[in-house]
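First comes the structure, then the notes that go with it.
The values are calculated or read from the model by the stated rules, or taken from the named source; none is laboratory data. None of the values given here were measured: they were computed from a predicted structure. Here the Cβ is made from the backbone with ideal geometry for all residues, glycine too, and neighbour counts use every protein chain on show.
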2 protein chains.
Amino acid sequence: MIQHNAPHRVVIVGGGFGGLNAAQRFRKCRHLQVTLVDRRNFHLFQPLLYQVATGALSPANIAAPLRAVLRHQRNAEVLLAEVANIDLAGRKLLFHGGHPKPLSFDTLIVAAGSTFNYFGHDHWQHIAPGLKSVEDALSIRTRVLKSFEAAELETDPERRQQLMTFVIVGGGPTGVELAGAIAEVAFRTLKQEFRHINTADTRIVLVEATPTILGMFPADLREKALEQLTRFGVEVRAGVMVTEIEPERVVIRTSDHQHETVRAATILWTAGVKASPLAEILARESGVELDRTGRIPVEADCSLKGHPSVFAIGDIASYTQDGKPLPALAPVAMQQGRYVAQLVCHRVSGSRLPSLFHYRDKGTMATIGRSAAVADLGWIKLSGFLAWITWLVVHILFLVQFQNRVMVMFQWAFSYFTRGRAARLITGEGSAQERR
Amino acid sequence: MIQHNAPHRVVIVGGGFGGLNAAQRFRKCRHLQVTLVDRRNFHLFQPLLYQVATGALSPANIAAPLRAVLRHQRNAEVLLAEVANIDLAGRKLLFHGGHPKPLSFDTLIVAAGSTFNYFGHDHWQHIAPGLKSVEDALSIRTRVLKSFEAAELETDPERRQQLMTFVIVGGGPTGVELAGAIAEVAFRTLKQEFRHINTADTRIVLVEATPTILGMFPADLREKALEQLTRFGVEVRAGVMVTEIEPERVVIRTSDHQHETVRAATILWTAGVKASPLAEILARESGVELDRTGRIPVEADCSLKGHPSVFAIGDIASYTQDGKPLPALAPVAMQQGRYVAQLVCHRVSGSRLPSLFHYRDKGTMATIGRSAAVADLGWIKLSGFLAWITWLVVHILFLVQFQNRVMVMFQWAFSYFTRGRAARLITGEGSAQERR
């Protein structure tokens, strides 16, 4: 049936896991016109970003240009722009700098993701950067590599040790993965490359405020992860609060209320995320109140209360299932994206609506390093080599483009056999010598 | 024989083709202590930098960490530092910011390369960037991709055409390669990716001041190159002087003294190089006068006049052979680096000195695009597909690390069959929407 009226306009904000999956799912709905808005021109496979930060992969290996992904989907277009405001009553988006001109929508899907949460200590972010964007990853890579370069030149032993000390705040999957990867860089990759320092002296401290790392995993896997991390040379300090971060030092408070200062030239932050500021706009426009981490609560079909054709999915949304909010994880965003696209598609064509959204948890994984990981797949719990292989296969399968898969597989195989890391470039601001 | 006196200290400034080849050649001279000084922690395979600038390769694909390359060479170390001054009388190097402390040498090899030459118009460099570093390449990549993004949003047809016009100043190999690669991006890679512009309307203008592009090639190959470039959609303007560059416009003077303005949002500069500023220090210290492009003339053994254990090689040196100065090309630097290392090695061990340096020209090549190139190998002249295959093989062989070779080969194969370019990320400063 040819539709003679103007096509239904769907606007998706954000080309991450949620937004891109929604856009792709609309492929089958030719009677809709889809615009995917993002301020970046690529989808980023964030679960592997820590490998860019530690020199194992290049940014392009874990990114896919949005235009390339949607090239053959004739009902979809990509708009590179940054949303400044959302006008729910007027059904339009406004952009920063007033350019391009406002974009009208019939259906809106907000999948703008999350940003770092410094829990009120926003001044820490310059000292202890987080890991969300390609730029973050490259700047962390430069910091880590430059610390070793500076240590090689340092004659004062105390200062040298400080340069070779890394503190990672936050014992979730990203913190564990970063700590494990830095351990590999220090104890394996760089092993024979310096002449004046012994990289075996590197100290890597993983600080977690709750009593255990990887809190979302069952106790036995948490134990295994702790064992494996310790074996890799990472010092795990759980149940310890960070009370102050200053340049090159972290003050922590242990469970018995003692304060301790760790002197470290490199401090990284993976302790929490909060929803994108677009959630605040949705809250203001709809009157719905944000949750504790700034996420916007949504209805059972992922729509905004009182706005059945405005949806929020992924990290920006708080979806309650079985009485608990779903975690801010890629699989949740992907499943929500596909669900909402299907719902909108059916609704516009007037066909039977799909059943309500239900998140199917297929498992959680975290990698620690070479041949070491933990995986909780629900029906089976894995650790060590088997978990690591599972992690590898799943991550390769979920990479967006064919080329990325082959490139990443090749780089991993190379790293596995040589313990080398090819993408160890000190680039960008401050790449030339500026150590003082 | 164990040497009981202090080892002879060789310091090499610059980890490019000349410096790295010299350092590696010292592998066989265990009685020497080698320090390779560079302000970057990697060797960069500059001949492929234009492929990073046009999104075909990632920086790490054409870079090799210096420490990794020299890891097993126990008599060599890498020093990440920027040279501020050279004290020939005191036989030591001084570094920027006074850190690290001065480095003494017995033998010095200066291989600091070259930088852009704007021929007195240094203010043009912000408008028309050149291509020497990873940062240059990434910033050009961002500029080129953002131009198309801005054109997609532009409603004024004249302004849209300006956004889709690219001027490349300089018809040497780099200019030809950049022009050809941008043509491929515009006419092939991006072909189906936009919805409001037709990338076939892209205008690519290659401006050369001398009467022909690729002046160093024989006339028939220059003709072929021109033919191939034109077929790819590049507008070649030879015998045309650039008289003014302003933001988004270039004024050129044709051979009949007419002035013409080309409106182009992207202007790139490949029109010339001059020696690194370290040449001036060598000139001042030795009393030798620099040549027209700032290069330091050297003796028949690449040493500085009056300083038999101070050498200058590669782009920074002017070496006269058969009455003509050698060109600033990678093979010259590589052969000089190996020669000087051998000379120093023999001299220190007291064995017979090698014959004087003589550059063996193995040929010159330039690629234009998919299946199109020219190659003058002396005994044979090639153009088109055969020249292109030769170019591919030679460049793969000369890439420094095994992993780089495989990665680049794979990416090229992928691009060849899909006409895709994976590394099309808009990153760094100004990557978010800042079009006005």
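In region B:79-96, what residues are under 19 Å from A:H196 (Cβ atoms) and among the small types (G, A, S)?
Listed by number, the list holds a single entry, B:A81.
Suppose we filter A:L103, A:L94, A:L145 for residues that are surrounded by fewer than 18 Cβ atoms within 10 Å (Cβ to Cβ), within 13 Å of another protein chain (Cβ to nearest Cβ) and modelled with pLDDT of 95 or more; which single one remains?
A:L94
Take the residues in region A:102-116 that are assigned to a strand (DSSP E or B) and over 15 Å from the mean Cα position of the chain (by Cα), then tell me which one is farthest from A:K305 (Cα to Cα).
So, considering only residues that are assigned to a strand (DSSP E or B) and over 15 Å from the mean Cα position of the chain (by Cα), the one farthest from A:K305 (Cα to Cα) is A:L103.
Do we find a residue being farther than 17 Å from B:T364 by Cβ, buried (at least 20 other Cβ atoms within 10 Å of the Cβ), of a type in the set (A, V, I, L, M, F, W, C) and within 14 Å of chain A (Cβ to nearest Cβ) anywhere in region B:201-209?
No, that holds for no residue.
Just wondering, is there one or more residues in region A:258-278 that are of a type outside the set (G, A, S), without any contact (Cβ under 8 Å) to a residue 60 or more places away in the chain and surrounded by 19 or more Cβ atoms within 10 Å (Cβ to Cβ)?
Looking through region A:258-278, none of the residues is of a type outside the set (G, A, S), without any contact (Cβ under 8 Å) to a residue 60 or more places away in the chain and surrounded by 19 or more Cβ atoms within 10 Å (Cβ to Cβ).
Quick one: count up the residues across region B:181-200 that are of a type in the set (A, V, I, L, M, F, W, C), surrounded by 21 or more Cβ atoms within 10 Å (Cβ to Cβ) and in contact with a Gly (Cβ under 9 Å, 6 or more places away or on another chain).
Total satisfying the criteria: 4.
B:R159 is checked against (1) surrounded by fewer than 18 Cβ atoms within 10 Å (Cβ to Cβ); (2) closer than 20 Å to B:T174 by Cβ and fails just one. What number does that condition carry?
Checking B:R159 against (1) surrounded by fewer than 18 Cβ atoms within 10 Å (Cβ to Cβ); (2) closer than 20 Å to B:T174 by Cβ, the one that fails is (2).
B:A225: touching a helix residue (DSSP H, G or I) at 6+ places or on another chain (Cβ under 8 Å), small (G, A, S) and more than 14 Å from chain A (Cβ to nearest Cβ), yes or no?
Yes; evaluated as a whole, the condition is true for this residue.
Considering only residues that are outside any helix (DSSP H, G or I) and closer than 30 Å to A:P65 by Cβ, which ones fall in region B:120-137?
Hits for region B:120-137 are B:I127, B:A128, B:P129, B:G130, B:L131, B:K132, B:S133.
Would a scan of region B:22-32 turn up a residue that is within 13 Å of chain A (Cβ to nearest Cβ), crowded, with 23+ Cβ neighbours inside 10 Å and at pLDDT 95 or above?
no
For every residue, the table says whether it meets (1) crowded, with 16+ Cβ neighbours inside 10 Å; (2) in contact with a helix residue (DSSP H, G or I) (Cβ under 9 Å, 6 or more places away or on another chain).
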position: B:R360; (1), (2): no, yes
position: B:T367; (1), (2): yes, yes
position: B:L377; (1), (2): no, yes
position: B:K381; (1), (2): yes, yes
position: B:V393; (1), (2): no, no
position: B:V408; (1), (2): yes, yes
position: B:Y416; (1), (2): no, no
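Test of understanding: among B:A283, B:A328, which residue is crowded, with 16+ Cβ neighbours inside 10 Å, at pLDDT below 95, not assigned by TED's automatic domain parsing to the domain that holds B:V242 and not acidic (D, E)?
B:A328
If B:R74 satisfies all but one of (1) crowded, with 24+ Cβ neighbours inside 10 Å; (2) of a type outside the set (V, I, T); (3) out of contact with any Phe, Trp or Tyr (no Cβ under 6 Å at 6 or more places or on another chain); (4) within 13 Å of chain A (Cβ to nearest Cβ), what's the number of the condition it fails?
(1)
Can you tell me which residues in region A:80-91 are more than 8 Å from every other protein chain (Cβ to nearest Cβ) and either within 25 Å of the chain's Cα centre (by Cα) or without any contact (Cβ under 8 Å) to a residue 24 or more places away in the chain (or both)?
A:V83, A:A84, A:N85, A:I86, A:G90, A:R91 - these are the residues of region A:80-91 that are more than 8 Å from every other protein chain (Cβ to nearest Cβ) and either within 25 Å of the chain's Cα centre (by Cα) or without any contact (Cβ under 8 Å) to a residue 24 or more places away in the chain (or both).
Would you mind listing the strands (runs of 3 or more DSSP E) fully within region B:325-436 where at least 2 residues are in contact (Cβ under 8 Å) with a residue 24 or more places away in the chain and within 14 Å of another protein chain (Cβ to nearest Cβ)?
Hits in region B:325-436: none.
Regarding A:A271, is this residue at pLDDT below 95, more than 14 Å from A:A112 (Cα to Cα), part of a loop (DSSP other than H, G, I, E, B) and small (G, A, S)?
yes
Conditions tested, residue by residue: (1) part of a loop (DSSP other than H, G, I, E, B); (2) among the acidic types (D, E); (3) surrounded by fewer than 23 Cβ atoms within 10 Å (Cβ to Cβ).
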| position | (1), (2), (3) |
| --- | --- |
| B:Y118 | yes, no, yes |
| B:S139 | no, no, yes |
| B:F166 | no, no, no |
| B:V176 | no, no, no |
| B:A179 | no, no, no |
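So A:Q192 passes all but one of these: (1) over 18 Å from A:F119 (Cβ atoms); (2) without any contact (Cβ under 8 Å) to a residue 24 or more places away in the chain; (3) away from chain B (no Cβ under 14 Å). Which condition number does it fail?
Of (1) over 18 Å from A:F119 (Cβ atoms); (2) without any contact (Cβ under 8 Å) to a residue 24 or more places away in the chain; (3) away from chain B (no Cβ under 14 Å), only one is false for A:Q192: (3).
Residues being surrounded by fewer than 20 Cβ atoms within 10 Å (Cβ to Cβ) and within 18 Å of B:V11 (Cα to Cα): count how many of those fall in region B:308-325.
Total meeting the criteria: 2.
In region B:296-309, which residues are without any contact (Cβ under 8 Å) to a residue 40 or more places away in the chain, closer than 19 Å to B:K274 by Cα and part of a loop (DSSP other than H, G, I, E, B)?
Scanning region B:296-309 gives a single hit, B:V298.
So if I check each of A:A53, A:A68, which one is facing chain B (nearest Cβ under 10 Å), within 30 Å of B:Q403 (Cβ to Cβ) and crowded, with 23+ Cβ neighbours inside 10 Å?
A:A68
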